[in-house]
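See structure below.
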Amino acid sequence: MSYLLPHLETAEAVNNALQTEEERVVVIRWGTDSDPTCMIMDETLYKVAELVKNFAVIYLVDISQVTAFNEDYQLTDPCTVMFFHRDKHIMVDMGTGNNNKITFPMTNTQDLIDIIEVVYRGARKGRGLVDAPRDYSTKLQY
């Protein structure tokens, strides 16, 4: 499903997307289109893109092509989803210990919509850290 979502091909395009979007949350999936984890996440992102278009915009960035952010955002996982509002990174406390990003594939579209909505509401209030609607610490088996 990655071919159906907009890609940001350069670091300048990523910066422009983050800086020009004033009202909506910018959701960026960092990874590669061929990674199985990213394929699962891309499908979920595609399903929610139309439903959240009023308060969020979704972009995909290939970390092998656009390497400028790999060190800054510690993009070592095969698939990472991060949220930004007015060029500011919004962290989400999901109970997993990593508040900076989502590093596991989400298949439940309603869960992802709820997270994006919570990020939007928190960001509009000026918060840099929001709590996820549910705890994901027990979802993953470490």
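Determine the calculated [θ] at 222 nm for the chain from helices alone, applying -39500 (n - 2.57) to every DSSP H run no shorter than 4 residues and normalising by the residue count; nearest 500 deg cm²/dmol.
-9000 deg cm²/dmol
Just to be sure I understand: of the beta bridges DSSP finds with both ends in region 12-81, what percent are antiparallel, rounded to 5?
30 percent
Restricting to the chain, compute how many DSSP beta bridges are antiparallel as a %, nearest 5.
Beta bridges within the chain, antiparallel portion: roughly 50 percent.
Once you have a ≥ b ≥ c as the square roots of the Cα gyration tensor eigenvalues for region 1-85, tell me rounded if a/c is under 1.5, and otherwise prolate or oblate according to whether a/b is larger than b/c.
oblate
Given Cα pairs under 8 Å that are at least 6 residues apart, what percent is the relative contact order of the chain?
Taking the mean separation of contacting Cα pairs over the length of the chain, I get 28 percent.
Placing +1 on the Cβ of each Lys and Arg and -1 on the Cβ of each Asp and Glu in region 2-131, which of Val119, Gln19, Tyr59 has its Cα farthest towards the positive end of the resulting dipole?
Selected residue: Val119.
Taking a label point 7 Å from the Cα of Asp135 along the Cα→Cβ vector, which residues of region 92-114 have an amide N closer than 15 Å to it?
Once the point is set 7 Å along Cα→Cβ of Asp135, 93-98 turn out to lie under 15 Å by backbone N, inside region 92-114.
How big is the chain in terms of Cα radius of gyration and Dmax, in angstroms?
In Å, with Rg to one decimal and Dmax whole: 13.7, 39.
Looking at the square roots a ≥ b ≥ c of the eigenvalues of the Cα gyration tensor of region 91-142, which shape do they give, rounded for a/c under 1.5, prolate if a/b is larger than b/c, or oblate?
oblate
None of the figures in this text is laboratory data; all of them are computed from the coordinates on show. Every value quoted in this text rests on a predicted model; they were computed, and no experiment measured them. No Cβ is skipped: glycine too gets one built from the backbone with ideal geometry, and neighbour counts run over all protein chains shown.
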